[in-house]
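The values are calculated or read from the model by the stated rules, or taken from the named source; none is laboratory data. From a predicted model like this one, the values you see are computed outputs, not experimental measurements. As a convention, Cβ positions derive from the backbone with ideal geometry for all residues, glycine included, and neighbour counts pool all protein chains shown.
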Amino acid sequence: MGITLSEDHQMMVDAVRNFARAELTSRDVEWDHTETSCCTELDQLYDMGLMGLRVPEEFGGLNVPTVCYAHIIRELAYASPSVAVTIAVHSMVCEIVNQFATEEAKREILPRLAEPGNLSAFAISEPNSGSDPASARTRARKIDDGYQLNGTKMWVTNGITGRWFVVLARLNDGDNSNALSMFLMDAQQVGVDRNIIHGKMGIRGSETAEMSLEDVFIPEQNLLGEPGWGLRIALSALDGGRIGIASQAVGIACACIDLMVGYAKERVQFEEPIANFQAIQWMIADSQTEMMASQQLIDQAAWLKDQGRSYTQAASMAKLYAAEAANRIAYRGVQVHGGYGYSNEFRIEQFYRDARITSIYEGTSEIQRVVIARNLLREA
């Protein structure tokens, strides 16, 4: 299946590539070294329309197809994995609101999500609830005109700057997964306490926060879907989110390959460039092959989504393979650089750390294998 972009969409991807490589690369290095947020660049990203990639045109967004969106995330990740995941999570929330919000909430919130000051976040993980979202303990209680939330969320990307949070909570103290519901929360209110998580191995420019909720108010119209749809919405969102993270992984892999090739041609040992050695050539060849295979899996998953067809298994396959491949490619990149690759003066060291998270968030590689196997066994 050959998947190509339209001329207009290819021009958009090219424009993002040029912008990202010119404007984000050096800043991403600084964010990594200082462990500061990439959200200082949000206004420029909003001006380019990148925060409205998955917002319908009628609400002020670009509404690009998933295939085009995936290529844009890849180009952003090549220069800044932190910016890429910031936009990917925001875009995932845009899709959730568009698909599951009430008409009233859509009209009010979707136009804002494409405008500055309205970064969004996805809050389902908790201190004791990670790969098993059904075990979430955050509580929602029905009150006059809405709901009241109490609980703690962990590992929230965009958790400090974000305003609009999609939050998974257990409604009316029910104990099974059918009691889980999803809410759209405005974090600019009393009762929302957010703390940045420092000391991450990689993607240090991406905000990751712990968030506590104490009697936080959710208007009636900000219930997403129906009561009890929380897990359904979470799993649906993660299907799409995995395409974005797979694309982030490919962007990191592409950058590692370019660094690997450039260094191999310049580094001289035994009186010749190390690019002449078969051991180095094989690492480069394996890396390029795995990167291209990853891109094909992503394109297939994205195309299926654009066609309105089932893409759960395809997204998990793309995310599994691309994330694991990115880790292998980053490993080879450090190996080609030798001792210099172990120093943060060479960017390959940062990509080695950045790649690691892609096989953890939006569902670990182990969870992807469970999803793939269950789908195959169910079909059989």
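Residue-wise test of (1) charged (D, E, K, R); (2) in contact with a Gly (Cβ under 8 Å, 6 or more places away or on another chain); (3) in the same structural domain as Met292 (by TED's automatic domain parsing); (4) buried (at least 23 other Cβ atoms within 10 Å of the Cβ).
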residue: Tyr321; (1), (2), (3), (4): no, no, yes, no
residue: Glu324; (1), (2), (3), (4): yes, no, yes, no
residue: Tyr340; (1), (2), (3), (4): no, no, yes, no
residue: Ser343; (1), (2), (3), (4): no, no, yes, no
residue: Ile348; (1), (2), (3), (4): no, yes, yes, yes
residue: Phe351; (1), (2), (3), (4): no, yes, yes, yes
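Looking at region 111-166, which of its residues are over 25 Å from Asp47 (Cα atoms), within 17 Å of the chain's Cα centre (by Cα) and of a type outside the set (Ser, Thr, Tyr)? Scanning region 111-166 gives Ala123, Ile124, Gly130, Met154, Trp155.
Just checking, which of Ile298, Ile348 is closer than 14 Å to Met260 by Cβ, aliphatic (A, V, I, L, M) and touching a residue at least 60 places away in the same chain (Cβ under 8 Å)?
Ile348
The residues listed here are Arg21, Arg54, Arg17, Arg74; of these, the one that is of a type outside the set (Gly, Ala, Ser), part of a loop (DSSP other than H, G, I, E, B) and not assigned by TED's automatic domain parsing to the domain that holds Ser181 is Arg54.
Listed by first and then second residue, the pairs linking a residue in region 359-371 that is farther than 19 Å from Val156 by Cα to a residue that is buried (at least 21 other Cβ atoms within 10 Å of the Cβ) and not hydroxyl-bearing (Ser, Thr, Tyr), with Cβ atoms under 6 Å apart and 6 or more places separating them unless they lie on different chains, are Ser365/Leu320; Gln368/Lys319; Gln368/Leu320. Give the residue that is farthest from Val370 (Cα to Cα), with candidates limited to residues of region 126-149 that are crowded, with 21+ Cβ neighbours inside 10 Å and small (Gly, Ala, Ser). Of everything passing the filter in region 126-149, Ala140 is farthest from Val370 (Cα to Cα). When region 345-362 is limited to residues that are in contact with a helix residue (DSSP H, G or I) (Cβ under 6 Å, 6 or more places away or on another chain) and not in a helix (DSSP H, G or I), the one that is nearest to Ala246 (Cα to Cα) turns out to be Glu362. Being without any contact (Cβ under 8 Å) to a residue 60 or more places away in the chain and outside any helix (DSSP H, G or I) is a condition met by at least one residue of region 37-50.
Anything in region 255-282 that is of a type outside the set (A, V, I, L, M) and surrounded by 23 or more Cβ atoms within 10 Å (Cβ to Cβ)? List them, or say none.
Start the filter on region 255-282 by keeping residues that are of a type outside the set (A, V, I, L, M), which leaves 256, 258, 262-263, 265-267, 269-273, 276-278, 281-282.
Once the filter is applied, which keeps residues that are of a type outside the set (A, V, I, L, M) and surrounded by 23 or more Cβ atoms within 10 Å (Cβ to Cβ), region 255-282 yields only Cys256.
Taking the condition at pLDDT 95 or above and more than 30 Å from Leu24 (Cβ to Cβ), does Met182 pass? Against the criterion (at pLDDT 95 or above and more than 30 Å from Leu24 (Cβ to Cβ)), Met182 qualifies. Count of region 24-38 residues, restricted to those that are of a type in the set (A, V, I, L, M) and either assigned by TED's automatic domain parsing to the domain that holds Asn158 or over 29 Å from Asp299 (Cβ atoms) (or both), is 1. The strands (runs of 3 or more DSSP E) falling completely within region 78-191 that include 1 or more residues that are in contact with a helix residue (DSSP H, G or I) (Cβ under 6 Å, 6 or more places away or on another chain) and touching a residue at least 40 places away in the same chain (Cβ under 8 Å) map to 120-123, 146-157, 164-171, 180-186.
From the residues in region 7-22 that are in contact (Cβ under 8 Å) with a residue 24 or more places away in the chain and either touching a His at 6+ places or on another chain (Cβ under 6 Å) or not hydrophobic (A, V, I, L, M, F, W, C) (or both), which one is surrounded by the fewest Cβ atoms within 10 Å (Cβ to Cβ)? Of everything passing the filter in region 7-22, Arg21 is surrounded by the fewest Cβ atoms within 10 Å (Cβ to Cβ).
Candidates Ser82, Ser135, Ser26: the one that is within 24 Å of Asn344 (Cα to Cα) and in contact with a Ser or Thr (Cβ under 6 Å, 6 or more places away or on another chain) is Ser82.
Looking at the structure I just gave you, is Asp286 surrounded by 14 or more Cβ atoms within 10 Å (Cβ to Cβ) and either touching a strand residue (DSSP E or B) at 6+ places or on another chain (Cβ under 9 Å) or closer than 30 Å to Pro133 by Cα (or both)? Answer is no for this residue.
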